[in-house]
Every structure is written in C-alpha cells, then in structure tokens.
Amino acid sequence: MKQRLFEKRHTVSWQAFAVSLDRLERPASAKNPSPTAPLPVAAIPSAYRQLGQQLAIARYRCYSAALLARLNQLALRAHQQLYRAPQRRWLVVLQFLTTDFPQRVRANAGLFWLCAALFYLPLLGMGLAVYQAPELIYSLLPPESVADLEAMYAPDQAGVGRSAADDLAMFGYYIYNNIGLGFRTFAGGIFLGVGAAFMLLFNGVFIGAISGYLTSRGFIETFYTFVAGHGAFELTGIVLAGVAGLKLGWAVAAPRRWSRGEALRQAAASGVRLILGVVALLLLAAFIEAFWSSNRTIPAEIKYAVGIAGWLLVILYFTLAGRRAP
Amino acid sequence: MRPTALAPLDTLCRLETPEGIELTLRVAGPVARALAWGVDGLIRYGALWGLLMLLMLLGDGGFGLWLIALFLTEWLYPALFEVYAGGATPGKKALGLKVIHANGTPVDWPASLIRNLLRAVDFLPLFYGFGLVALLSNRNFQRLGDLAAGTLVIYRDLPASAPHWPPGPALPPPFPLNPADQQLLIDFAERSATLNPDRQAELTDLLAGHTGLYGVAGVERLRTYARWLAGVSL
C-alpha cells in the first residue's frame, strides 16, 4: 500500500486519538474548556495497540520519516498516559515514616554500624585528644572561629539568650546547611563511597574537636545543655545519610549479579528513601536546635532529660517501629 | 525495555514497550541542557533576589525564611517541576526538553529526587565537570544523576511538522530501488523545501549518473520519482 493511501485511511483515527490524548494531558478547566474527547478513556488502550501495529507496519514498509515521527510521537504520548506511576498521597508519607523507613534502616544494619564507626570513632578520638591537649583545636579551626566558639558558650554569656527572630534565622540556617550536607553526603557516595565516608569522618572530627575543646575549657553546662536536645536526631541523621551514600558506592564497587548501572539504580532507589527519612530527622533536629536548644531559661536537668528521651525515642523507633504490618 | 541507540551517529534512543511497540526518543545533548539550566538559574536566582529584598524587611527572622527558600530552590525546584509540570522545569520547557524514565514513563518523585540530589556530584569539581564527562561517555547523554535514577532528558516535540510536497507529476523510477534508497528519495522530496535551490541541485547532481539530468531538471526528476514512491498522486 502506498504511503498516501495508508495515511488517508487512518488519518481520521489518528486525529481522534491525538485529541483524546490532548484531553488527558490537559484536563478541561475553566480556562481550557475543550470539547469532549472523541474516544472514551476505556477505548484508549485498544486504540494504542492499533496505533502500535500501524507504526510497525509503517516502519516495515519504510514510509517517510515524517509519518514515522508523527506516529512515534502519538505512541509515546499514549505510553506516558498508560504507564504513569500511581499518584502519591500524603498517607504514603505517614506509612513511610511508621514502617518503611525503620525497616530500611534495619535492612542496612551492617552499613549502619560501619557508618556509625566512621563517625563516632573519630568523634570520640578527636574529642579525647583535644580534651587532653586543647591547643590541638588550632590545627582544625582558625583562631577567630575558636574565639567565636568561646564567646558563644562562655558561661558569663548565659543570660544573653536569643530573640525569636534569631531563632527563626537559625532554623533557616540549620535547614539550609544541615540537610544540604546530608544530601551532599548521599550524592558523594557515588564515588565508591569515598565522598560519603569523608563527610562522616570530617563531621566526626570537627564535632569531636569542638566538644573536646569546650569541655576542656569547662563550658560544660552551656555547651551540653545546648546540644542535648537535638543531638540524637542530628547525629543519627548524619550517620544515615552516610548509609545512603555508602550504598551507592557499594553498588558501583561491587555490583554482584547486576550490571554496574542496574546495581546503581537499585541502590539509588533504596538510598533516596533513606534520605527522605534523613530529611525528617534533620528537620526535627533543626526545629529543636533553633527553638528549644537555644532557650537558656530552661533548667539544665530538663534539657538533659529531654536529650536522653530523644536518644531512647530514636533507639526504640529504629528497633521496634514497622515490625508488624499495619 | 532497555533503551539502545539506533545508530552510532544519531541521538535517538529506542525503547520497546510491553505491547511490543518500538518507540524512538530524541535525547538532548549538553548544550540544550546547559541552556535550560541557565534559564532556570535566571528564574531561580531572580526570584530568590526578589524574595530576599522582601524578607529583609522582616529582619533576622525574614533571613531565616529566606534561607529555607534558598534550600528549597537549590534542591527541590527541579524535582517539583519535573513531577508536577509534565517533566520539565521552566528552563527545560523553554528549550523543548523534558525528563522521563528510561522506560518511557513520566518521571516520579523518587527518580526525580535522585537525579536532582546527585546534581551535587555532577556539579563537581566545578561547573558540571563530572556531569559532562558522564554525559559524553554514554549513548543516552545521561549524567551521573540520570544514571542512578534511570532517567533521560529528551526533546518533547518533533523537530519537523507535516512536510510540504510541491505539486507535480509522478513517475515510476526506471531503475530498481531497495527500501532504503526509496526512503532516501522520499526524505529528500519532503525536506527539499527547507533547502535552497543550489543545495537541492548540488545533492541531486550526485545522482546525475542515474538520471542523466543536472540542476533544476535533476531535482524535478527525482521529485517525480519520490511522488510516485510515496503515492502522492493518488
């Protein structure tokens, strides 16, 4: 059959199909009162199969590139309508936090302990070292930063406190900085895990050094009442961002029975869900850090109690949540 | 479902659907994507600058809100548009691009988040260095984020619309033509309106050994064959 005859025979059905697809892609609204679609939605799949057959015939008969492109475009649009992912609902978020996230963390227990070691060992080591020899802090931080730290946590500053506007500013800063760092830790994992491991070590060393220094200076109450509240959520968030990152690196380094690309895709799909949980943890940490930790009118005992409660909550959440199907 | 390139020299990506239909996608290269990124950058940083002016009126608290806006624009601006606006940020839309899964389906939240979080490593060491290297070293112009998410950036629309056939006679070619040659003639006739007359003649003169005609006469002769092959006179 000549191309023109083929086109003449089918062009009406192609146009009808195109209008129906337009309608699916841009549902009628007040601004866009399109007429009713020529095909009912139930007829789309069979029209799509028919179009697929016509496209195959047109290719087989070597019809012109323009016709093939037109049919290809129609088939692609139909494909995207038929195979779109189910719409996500907010319920999914809730279910993710109550079951999926802790399950995923438990499924990656090995990597979790590895990341915890990569983070807490340098933290403790550096903390003890700087506690013993406070001048070591200058190998990490310039003197001005050390002076800033001292000013922030010196006990004679204890009465100063922050205004509500400062709290909001810091909340924004913690979100921008901490969650951004979490994302970078995840992304950096793609280089065989080096980026993620580096971020864990780096954060561990710095947090350890600062804690050791402030402890050696005797700013114990001001410093530890500040970090107690959000510590559990923030430190766990950092470690879990490392887990997500190392998953990427591990998939690239040892893809097992998959191709590297396929292993990477699977690890990324799993890792990004861990990262969503990390976002939730770090958001909570940022909120506590900005509006609770900074409040110096709250007695130290309550702050320590809240800090311990936070750790208990984190431990119970990751060990117990999602054990039974809801 | 695994996309493969048609031929080494084009930017087409072929994928087979569950119905056995083979679809062709035109993947977008680094220049178009860089331009789209530039347009998005102007929009994003323009909006952030305006917001900063506005929120600075609120003092330090306003700056906190602005940092949250900065965080959201930096990480989630592309993902929001890719998921809720048909796979394209405003910049991609302006350049006629869109993001889809490598299996041809619309991009969803996890994939869009992956490709946009991994932007952080594609951007390294500076100005999309790793991204560009990854993009140029695979067939489908995928940067690291696309590889991890299993996504492609494609052209949304066709390059050309319905071809214009100049009216005229149709004759069967006096020599046998295999399907590829027939297609070549038809393609020439469909595209000849976009070429200037000198270029048309230059191309058809290559076949003067077969037609015995040069210049405009050769062009016209090949068009008559093409009309017959495409069945235009019907």
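All of the numbers you see were taken from the coordinates with simple rules; none came from a lab. Bear in mind the structure is a predicted one, so any value in this text is a computation, not a measurement. Reconstructed Cβ throughout: ideal geometry from the backbone, glycine too, with neighbour counts over all protein chains shown.
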Report, to the nearest 10°, how far helix B:60-75 tilts away from the longest principal axis of the Cα atoms in chain B, using its own Cα long axis and a range of 0 to 90°. 30 degrees
Could you give the size of the charge dipole of region B:179-230 about its Cα centre, using +1 on the Cβ of each K and R and -1 on the Cβ of each D and E, expressed in debye and rounded to the nearest 20? 140 debye
Where Rh is the Kirkwood radius over the Cα pairs of chain B, the temperature 10 °C and the viscosity 1.306 mPa s, what D in µm²/s does Stokes-Einstein return? 75 µm²/s
Peptide A:308-314, shielding by other chains (average Cβ, 10 Å cutoff): 0
Step through the residues of region A:134-148 one at a time and calculate ³J(HN,Hα) from phi using the Karplus curve (6.51 cos²θ - 1.76 cosθ + 1.60, θ = phi - 60°), rounding each to whole Hz and writing x for Gly and Pro. x, 5, 4, 4, 6, 6, 10, 10, x, x, 5, 5, 5, 4, 4
Please arrange B:SER192, A:SER46, A:SER13 by how many other C-beta atoms lie within 10 Å of their C-beta, fewest to most. A:SER46, A:SER13, B:SER192
Debye, to nearest 20: dipole size of the protein assembly as shown, +1 on Lys, Arg Cβ, -1 on Asp, Glu Cβ: 2360 debye
I'd like the orientation of helix A:194-216 relative to chain A: the angle between its Cα long axis and the longest Cα principal axis, in ° from 0 to 90, rounded to 10. 20 degrees
Along the three principal axes, how long is region B:23-75 when you take its alpha carbons, biggest first, rounded to the nearest angstrom? 53, 17, 14
Quick one: helix A:164-174 against the long Cα principal axis of chain A, what's the angle to the nearest 10°, folded into 0 to 90? 60 degrees
Assigned charges on the beta-carbon of Lys, Arg, Asp, Glu; chain A dipole about Cα centre (debye): 3060 debye
If you find the alpha carbon centre of region A:211-242 and of region A:247-300, how far apart are they in angstrom? 19 Å
P(r), alpha carbons of chain A - 20 Å bins starting at zero, rounded %: 24, 38, 24, 13, 1
Using the 10 angstrom Cβ neighbour count as an exposure proxy, how do B:ARG143, B:ARG44, A:ARG26 rank, fewest first? A:ARG26, B:ARG44, B:ARG143
Would you be so kind as to identify which of A:LEU68, A:ALA18, A:GLN50 lies farthest towards the positive end of the dipole of region A:3-82, taking Lys and Arg as +1 and Asp and Glu as -1 on Cβ and the Cα centre as origin? A:LEU68
Rounded to the nearest 0.05, what FRET efficiency is calculated for B:GLU202 and B:ASP181 with R0 set to 25 Å and r the Cβ-Cβ distance? 0.85
Shielding by partners for B:219-229, please: the mean number of other protein chain Cβ atoms within 10 Å of each residue's Cβ. 1
Work out the mean other chain Cβ neighbour count within 10 Å for the residues of B:52-60 and drop it here as an integer. 2
Can you pull out the chymotrypsin sites (Phe, Trp or Tyr not before Pro) in region B:160-234 whose DSSP state is coil and whose Cβ has at most 15 other Cβ atoms within 10 Å? B:TYR214
Per-residue ellipticity at 222 nm attributable to helices in the protein assembly as shown (runs of n ≥ 4 DSSP H, -39500 (n - 2.57) apiece, nearest 500 deg cm²/dmol) works out to -20500 deg cm²/dmol
Taking H as built 1.01 Å from N, whose amide H comes closer than 5 Å to the amide H of B:THR151, not counting residues under 5 places away? B:ALA102
